[in-house]
Amino acid sequence: MTINALFQETVAAHGAKTALRYKENKQWHDISYAELNRRVEIIASAFAALGVRKGDRVALLSENRPEWAITDLAALSLGAIIVPLYPTLPTPQVAFIVRNAAAKLFVVSDARQLAKAMASRHELPELEHIVLIDGETPADSPDVVTWATLLERGAAEPLGDRLSDLRKDVLPDDVASLVYTSGTTGDPKGAMLTHRNIVTNVDYALEHFARQGEKVDEKDTFLSFLPLSHVFERVPGYYLPLRTGAAIAYCEGVRTIVDDMASTKPTIMVCVPRVYEAMQERILAQVEKLDAGKKAGFRKALESGKEYAEAKRRGGMMNPMLAMQHALFEKLVYHDIRERFGGALRFFVSGGAALNAETARFFEAIGIPIVEGYGMTETAPVIAINPNRRLKLGTVGICIPGGEIKIAEDGEILYRGPNVMKGYWRNDQATHDMIDSTGWLHTGDVGHLDEEGYLKITDRKKDLLVLHNGKKVAPQPIESTLKQSPFIEEIVLIGDRQSIVTALVIPNKGRLTEWAKAENLSFDGEEELLRRPEVRKKIKQEIDAQSGGLADFEKIRKFTILNTAFTVDSGELTPTLKVKRKVVAQKFAREIAAMAGESE
């Protein structure tokens, strides 16, 4: 099946049902599947009138909104290849991707994104038209077409029955999208994902849930928060609900996420661990403001919830006293917290990075299990998912139906299945390096399978720190553990070719400020606060407190506190919020060298 056939099936079966929900002027508006299809047909006709044909690349630079889905489905209807870009990308990266993809058409959301396109317009000889969704055409830009004009042209020149034929001309092994990797090292590469890659991944994920009696269907509502340019949002959070007739509600942003959840009442949400951690931190920060009695009551409820969840996972007879206690706390605590998130959540889905086990236990305790999965852009994206009725915390679950996982001799995770990409766009060498002659994709991740087939990721193959004495340190699990401290916002371990492990620490300045005031420390601004020896001692205490389970050679011996933040715009983070270790090492080379010198 193709994405086109998938969409047409759903329109036929659920035409009157809500497909998309979006907020405009603080009011929610719904678009039915039938109406979505009508708008897709108009835009597809307009794209065809602009010369878009099968195999042409259509770049898309926009925040999550109905026009994103309409552009995507319209381009795919013509057999074109959609090239999504993160809205946060700076102009040089936008130019690189659009140029590398040789896009013929470029759809942008607003004046800010248009400025990126226009700044690099002279570098894009194959680009014929730019479509602006919101705003007016600049007077000096005749090749910019507004969305309103596009609608008029599509209505005036409809493809009619020809569109059905064009959709049928698209084959399962045709490329549907070029999805460019985040580029933690070097330039991003365009993974060629076919219709078959994407649809089989959707169907395998649905089969995975169905096998355990967890059906996803037209009664569900997904909250769309991650950018749709992120393949993890695009497939499980967009094409999957599109397959089932579920509704998709577009969240406005991180500041409105809780309010949006309360008003749209989602049943499922796909997101990265950092968002769940932020939700947990927000709840715990509110608890800290309660009086001592209520604070103690919440902590008791949380511990009871964790114990109850653990007992359920183990199976067997439930302790009657624990069950009674859980029923009481359900009425007094858990229910009220879930109501803040809309009250209808069945489960969260987490991917894109390692989920901290404590965050998983927290939400499981209040009745919202987090289903952790694993995958990558090149596998469209899912490789493994935790069965949400047989969760095994600390793992990313079991292989999806139809796929195979094996562990190489050096510990690298290899995967093979019909969702593996066709290759990298115009980059045969990179394709050869990633996929071997027998079809195994080399993930670059290190891990192992347990006796029940659950996969545990231990680190990135290239991120392993090799100390002077030959000892190998996997930084990611250690960093994840250390970030459980409320005083540590971000931490990056350093140690490759060093004698000891050192670290760069970005503290949680808000928590430190509150602590410093409680300790009656005097300071004039954040910079002076971070220089105080008491703060350094506090951070060391936090690191030591979280390091009990580490081998001696894995422990941090030196650290530097940074008065900065890692962001996408400043280059330390990828659009999926992964740390670019190479960039961090280059930017803070002096601090790293100073720590290494101190250790000699």
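Heavy-atom accessible surface of residue 583, to the nearest 10 Å², is about 40 Å², with a 1.4 Å probe and all protein chains retained.
Rounded to the nearest 10 square angstrom, residue 243 shows an accessible area of 60 square angstrom against a 1.4 Å probe.
For the chain, what is the charge dipole size about the Cα centre, in debye to the nearest 20, if Lys and Arg each add +1 at the Cβ and Asp and Glu each add -1 at the Cβ?
1060 debye
Cross-link partners for residue 168 among the lysines, with Cα-Cα distance under 27 Å and sequence neighbours closer than 8 places in the same chain left out: 17, 54, 104, 422. Simple point charges give the picture: +1 on the Cβ of Lys and Arg, -1 on the Cβ of Asp and Glu, and for the stretch 296-455 a dipole about the Cα centre of about 900 debye. For residue 580, the aspartates and glutamates whose Cα falls under 13 Å of its own Cα, not counting residues fewer than eight places away in the same chain, are 187, 463, 490, 569, 572. Rolling a 1.4 Å probe over the protein heavy atoms gives the chain an accessible area of 44 Å² per residue.
For the stretch 400-456, the set of GluC sites (Glu not before Pro) satisfying both a DSSP loop assignment and a count of at most 12 other C-beta atoms within 10 Å is given as 409, 451, 452. Since only 507, 475, 488 are under comparison, the one whose Cα sits farthest along the positive direction of the charge dipole of the stretch 459-508, derived from C-beta charges on Lys, Arg, Asp and Glu, is 475. Taking 0.36 nm per residue of separation and subtracting the Cα-Cα distance, full extension of the segment from residue 472 to residue 34 would add 152.0 nm. Adding -39500 (n - 2.57) for every DSSP H run of four residues or longer, then dividing by how many residues the chain holds, sets the calculated 222 nm ellipticity at -12000 deg cm²/dmol.
Our summary gives the chain a relative contact order of 11 percent, counting only alpha carbon pairs under 8 angstrom and 6 or more residues apart. In terms of the mean number of neighbouring beta-carbon atoms within 10 Å, the peptides 95-103, 413-421 order highest first as 413-421, 95-103. Shown here for the stretch 469-530: GluC sites (Glu not before Pro) in loop regions (DSSP other than H, G, I, E, B) with at most 14 other Cβ atoms within 10 Å, namely 519. Ranked by the mean number of other Cβ atoms within 10 Å of their residues, highest first, the peptides 231-238, 303-310, 263-270 come out as 231-238, 263-270, 303-310. Across the stretch 323-330, computed HN-Hα scalar couplings (Karplus, 6.51 cos²θ - 1.76 cosθ + 1.60, θ = phi - 60°) run 5, 5, 4, 5, 4, 5, 5, 4 Hz from first to last residue, x flagging Gly and Pro. Of the solvent-accessible surface of the stretch 17-125, computed with a 1.4 Å probe and all protein chains present, 51% belongs to carbon and sulfur.
Semi-axes of the equivalent ellipsoid of the stretch 168-274 are 25, 21, 12 Å, computed as sqrt(5λ) over the eigenvalues of the C-alpha gyration tensor in descending order. If you bin all the Cα-Cα distances of the stretch 275-361 at 10 Å, starting from zero, the percentages per bin are 14, 44, 35, 7. Close Lys pairs in the stretch 253-395, defined as Cα atoms under 28 Å apart and 8 or more places apart or on different chains, number 25.
Check cross-link reach from residue 538 to the aspartates and glutamates: straight Cα distance under 12 Å, and skip same-chain residues fewer than eight apart. Those aspartates and glutamates meeting the cut-off are 519. Taking the inverse of the mean reciprocal distance over all distinct Cα pairs, the Kirkwood hydrodynamic radius of the stretch 321-369 comes to 11.9 Å.
Of the residues 95, 118, 82, the one whose Cα sits farthest towards the positive end of the charge dipole of the stretch 65-161 is 95 (charges of +1 on Lys and Arg Cβ, -1 on Asp and Glu Cβ, taken about the Cα centre).
Please list 65-74, 563-572, 29-38 highest first by mean number of surrounding beta-carbon atoms within 10 Å per residue.
Working: 65-74: 23.8, 563-572: 14.2, 29-38: 17.1.
Ranking, from highest mean packing down: 65-74, 29-38, 563-572.
The values are calculated or read from the model by the stated rules, or taken from the named source; none is laboratory data. No experiment lies behind these values; they were computed from the predicted model shown. Note that each Cβ is placed from the backbone with ideal geometry, even for glycine, and that neighbours are counted across all protein chains shown. Each accessible area value is taken on the protein alone, full model and side chains, heavy atoms only, with ligands, DNA and RNA left out. Shrake-Rupley method; radii C 1.70, N 1.55, O 1.52, S 1.80 Å.
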